[in-house]
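Note sheet for the following structure.
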Amino acid sequence: SMAQFTLNHAVSLTALILTYVSYLSGAQVAYRIYRQRSSGRLSILPFLCNYCSTLFWLNYGALAGQWTLVAVNAVGVWASAIFMGIYIKYHRDHEKLLSYTVMVACVQGLIILYIDVEDDKELYAGYFAACAAFITCASPMASIKEVIRNKNCSTLPFTIILSSFLCSLAWYLKG
């Protein structure tokens, strides 16, 4: 029916907008790092996981011919790379962190090469993208030990957590 068609489009548009919001939510955290000239006790994991996830989804979108997915995740890759750069620049041991980030990028490159040699590339790309998305949603919990020890949740990136939840909910509702 027309009402269902319109509702489906509304949910799709909402999911798309919330995806952009989610990818750009790290800007608030990155700006705080820039302003303080220190990453403090914040974990790089949310930025690093988001980068990996968006790159996997971009790869999946390209293989599946879903250019909207490619476009939205290109923004995610770009934003995550910038936010990681800011984090690394202002981390007290930025050289070690940079080498760790390069290692993760190399592993991800190997995974993408593995996907490329598989017969069902789209299926494997989707599996890796879904796993990366799950890990990305859980990544802010890397700071949970710090939160419990200090009884202070300031190390949790609230805007990233909230936007990831809303984005995931919207995509779940879309189906």
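The values are calculated or read from the model by the stated rules, or taken from the named source; none is laboratory data. Keep in mind that this is a model prediction, so the values were computed, not measured. Neighbour counts run over all protein chains shown; Cβ positions are idealised from the backbone, glycine included. Each accessible area value is taken on the protein alone, full model and side chains, heavy atoms only, with ligands, DNA and RNA left out. Shrake-Rupley method; radii C 1.70, N 1.55, O 1.52, S 1.80 Å.
Applying the Karplus relation 6.51 cos²θ - 1.76 cosθ + 1.60 with θ = phi - 60° to region 162-169 yields 3J(HN,Hα) values of 5, 5, 5, 4, 5, 5, 4, 4 Hz, where x marks Gly and Pro.
Using the Karplus relation 6.51 cos²θ - 1.76 cosθ + 1.60 with θ = phi - 60°, the per-residue 3J(HN,Hα) values for region 133-144 come to 5, 4, 5, 4, 5, 7, 4, x, 6, 4, 8, 5 Hz, with x marking Gly and Pro. When the Gaussian network model of the chain links Cα atoms closer than 10 Å, the mean-square fluctuations of Lys151, Lys96, Lys121 top out at Lys151. Remark: the Cα gyration tensor places region 81-137 in the prolate category, a/c being 1.5 or greater and a/b exceeding b/c. Modelled spin-label separation between Ile82 and Thr68, with each label point placed 7 Å from Cα along the Cα-to-Cβ direction: 2.4 nm. Relative intensity of region 53-175 on a log10 scale, I(q)/I(0) at q = 0.10, 0.12, 0.14, 0.21 Å⁻¹, equals -0.38, -0.55, -0.74, -1.38, per a Debye sum over C-alpha point scatterers of equal strength in the absence of solvent.
The accessible surface of the chain, taken with every protein chain in place and a 1.4 Å probe, is 68 percent carbon and sulfur. Here Tyr172 and Ser99 are evaluated by their C-beta separation; at R0 = 30 Å the FRET efficiency comes out at 0.25. Each of the peptides 99-108, 165-174 was scored by the mean count of other Cβ atoms within 10 Å over its residues; in descending order, highest first, they stand as 165-174, 99-108.
Solvent-accessible surface of the chain, averaged per residue with a 1.4 angstrom probe and all protein chains in place: 60 square angstrom. Note on Leu162 and Tyr114: the model spin-label points, each 7 Å out from Cα along the C-beta direction, lie 3.7 nm apart. Each other residue within a Cβ distance under 11 Å of Tyr124 adds +1 if Lys or Arg and -1 if Asp or Glu, for a net charge of -4. For the chain, the Cβ-based charge dipole about the Cα centre amounts to some 1040 debye (Lys, Arg positive; Asp, Glu negative; other atoms uncharged).
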